[in-house]
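Peer 1: Input: one structure, supplied below.
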Amino acid sequence: MERLNQTSSVTEFILLGLSSRPEDQKPLFILFLIIYLVTIAGNLLIILAIHSDPQLHTPLYFFLSVLSFTDICYTTTIVPKMLVDFLLEKKTISYAGCLTQMYFIYALGNIDSCLLVVMAFDRYVAICDPFHYVTIMSHRRCVLLVAFSCSLPHFHSLLHVLLLNQLIFCDSNIIHHFLCDLSPLIKLSCSPTFVNEVVLMTEASAFLVTPFLCIVFSYIRILLAVLKIPSAAGKRKAFSTCGSHLTVVTLFYGSIFYVYLQPVSTYTVRDHMATIVHTILSSMLNPFIYSLRNKDLKQGLRKLVGRRHLQAATS
């Protein structure tokens, strides 16, 4: 960081945000405040319901609780800064703050990706090898899978931050975005960015595509196993356990591929909506998707709310 500060005149960046019109700032503030509060409340309810209901103490819901916690952290990395910027005329962020935000956005986003792979593997074992499910998905193995999912993305994020730290920013410091993202930052640099772009298009793409291909492979195996089930009721029951996860995967990877699997030079303001989907909206929608399509989780949420009402009535 000292090297960059000695060779660059840029010590802070200006985030243009979603709109530069003053009349849009308060409505956007209210909208994203509501989204943030709903995201926190929804994911906390999922975590509390899973923790308090013994019937939900299974590998799938253990992974889901970790995913909910990650979504809370992911959204908190982005939205509070957005809310502050909506109320300020000058939307600045320090160089160190920008790199820190980018580090956690990439780390937490890829933790989400890895957890979705782990959850797909859990469904694969449950449907394709149900008799060995308890042995394969032991508590120790589940903890190791979560530990791996939460640690590997930090190396990926650190690589891009270190490479970005080698660039020189000497002209414009205006980021046409509402957060510190890699592509718009690389476009601002006045030093050669060939290495950054190559790494972004190879390593970063592989880090996104590989988990997705693992999920696709798991569901191909699941589909083949389900088609062998003779009864229609059995097929529906098997597919019902995967519906929520497939919806989340489609929402998450569809938007993230649209943003990141393209050259840096083609990155435009139009990509903001896709970025909002995979960074903010998916974290808000995940609790609704899992709870609305999952009977066990809905029952756990009812028990949790019922206990809270009973405690409030007796206190």
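The values are calculated or read from the model by the stated rules, or taken from the named source; none is laboratory data. Not measured: the values here are computed from a predicted model. Every residue, glycine among them, receives a Cβ derived from its backbone with ideal geometry; neighbour counts consider all protein chains shown. The area values use the complete protein model at the heavy-atom level, side chains included, leaving out ligands, DNA and RNA. Shrake-Rupley method; radii C 1.70, N 1.55, O 1.52, S 1.80 Å.
Peer 1: Quick check on Thr210: is it within 20 Å of the chain's Cα centre (by Cα) and on the phi < 0 side of the Ramachandran plot?
Peer 2: Considered against the rule, which asks whether it is within 20 Å of the chain's Cα centre (by Cα) and on the phi < 0 side of the Ramachandran plot, Thr210 comes out as yes.
Peer 1: Among the residues of the stretch 158-165, is any in a helix (DSSP H, G or I) and farther than 19 Å from Met201 by Cβ?
Peer 2: No, the stretch 158-165 contains no residue that is in a helix (DSSP H, G or I) and farther than 19 Å from Met201 by Cβ.
Peer 1: Would you confirm whether any residue within the stretch 11-19 is part of a helix (DSSP H, G or I) and either at pLDDT below 90 or open to solvent by less than 60 Å² (accessible area, probe 1.4 Å) (or both)?
Peer 2: No - not one qualifying residue is present in the stretch 11-19.
Peer 1: Among the residues in the stretch 110-120, are any open to solvent by 50 Å² or more (accessible area, probe 1.4 Å) and of a type outside the set (A, V, I, L, M)?
Peer 2: No, the stretch 110-120 contains no residue that is open to solvent by 50 Å² or more (accessible area, probe 1.4 Å) and of a type outside the set (A, V, I, L, M).
Peer 1: While we're here: Take residues that are at pLDDT 75 or above, out of contact with any Asp or Glu (no Cβ under 7 Å at 6 or more places or on another chain) and open to solvent by 30 Å² or more (accessible area, probe 1.4 Å) and tell me which of the helices (runs of 4 or more DSSP H) falling wholly in the stretch 222-315 contain 3 or more.
Peer 2: 232-260, 282-292, 295-314
Peer 1: How many residues does the stretch 177-186 hold that are touching a strand residue (DSSP E or B) at 6+ places or on another chain (Cβ under 9 Å) and of a type outside the set (Phe, Trp, Tyr)?
Peer 2: The number of residues fulfilling the criteria is 6.
Peer 1: Can you find a residue that is open to solvent by less than 30 Å² (accessible area, probe 1.4 Å), assigned to a loop (DSSP other than H, G, I, E, B) and farther than 26 Å from Ala126 by Cβ anywhere in the stretch 86-96?
Peer 2: Yes - at least one qualifying residue is present in the stretch 86-96.
Peer 1: A follow-up question, please. Run Asp24 past the list (1) touching a residue at least 12 places away in the same chain (Cβ under 8 Å); (2) open to solvent by less than 40 Å² (accessible area, probe 1.4 Å); (3) out of contact with any Pro (no Cβ under 6 Å at 6 or more places or on another chain) and report the number of the one that doesn't hold.
Peer 2: (1)
Peer 1: Between a residue in the stretch 219-236 that is on the phi < 0 side of the Ramachandran plot and any residue that is modelled with pLDDT of 80 or more and exposed (fewer than 10 other Cβ atoms within 10 Å of the Cβ), which pairs come within a Cβ distance under 8 Å, given they are 6 or more apart or on different chains?
Peer 2: As it stands, the answer is Lys235/Leu227, since those pairs meet every condition given.
Peer 1: Oh, and also: Residue check: is Lys81 among the basic types (Lys, Arg), open to solvent by less than 30 Å² (accessible area, probe 1.4 Å) and out of contact with any Ser or Thr (no Cβ under 9 Å at 6 or more places or on another chain)?
Peer 2: The answer is no for Lys81.
Peer 1: Right, something else. Would you confirm whether any residue within the stretch 39-50 is without any contact (Cβ under 8 Å) to a residue 12 or more places away in the chain and either surrounded by 20 or more Cβ atoms within 10 Å (Cβ to Cβ) or under 20 Å from the mean Cα position of the chain (by Cα) (or both)?
Peer 2: yes
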